[in-house]
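The values are calculated or read from the model by the stated rules, or taken from the named source; none is laboratory data. Source: prediction; values computed, not measured. Heads up, the Cβs are rebuilt from the backbone with ideal geometry, glycines too, and the neighbour counts pull from every protein chain shown.
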Amino acid sequence: MKRIIKIVSLLLVIAFLSVYFSSFNTNYYDNKNVLTEEAIKRFESDLKNGKKINVNNYIEREKNYNNKVSTTSLKISKLIDNCINKSLKLVIRYLDS
């Protein structure tokens, strides 16, 4: 019994530490709107020339990586999700009555 408690405790500590340290590596999405050096130079030259400034002209557009496989798998995933949700609702209604 003591051995099982030690193993479970060790697994919980490892899981906690892995989640804790993975939270430090989330700056990819935080830096989405950072301007590149080229965009900064274009911004400064447009500012000097007195052109109208639009922020969207200087932020890089996000690439679209969608293809047939990813869109199909997304549709299948949504279909499975809807089926599971409906079946769980039916089960809960049945158990409730």
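Within segment 56-77, residues that are within 30 Å of Glu38 (Cβ to Cβ) have Cβ atoms under 6 Å from residues that are of a type in the set (Gly, Ala, Ser) and assigned to a helix (DSSP H, G or I) in these pairs: Tyr58/Ala39, counting only partners at least 6 apart in sequence or on another chain. The residues on offer are Tyr28, Tyr94, and the sole one that is aromatic (Phe, Trp, Tyr), modelled with pLDDT of 90 or more and in a helix (DSSP H, G or I) is Tyr94. In segment 44-69, of all residues being surrounded by 10 or more Cβ atoms within 10 Å (Cβ to Cβ) and in a helix (DSSP H, G or I), the one that is modelled with the lowest pLDDT corresponds to Asn57.
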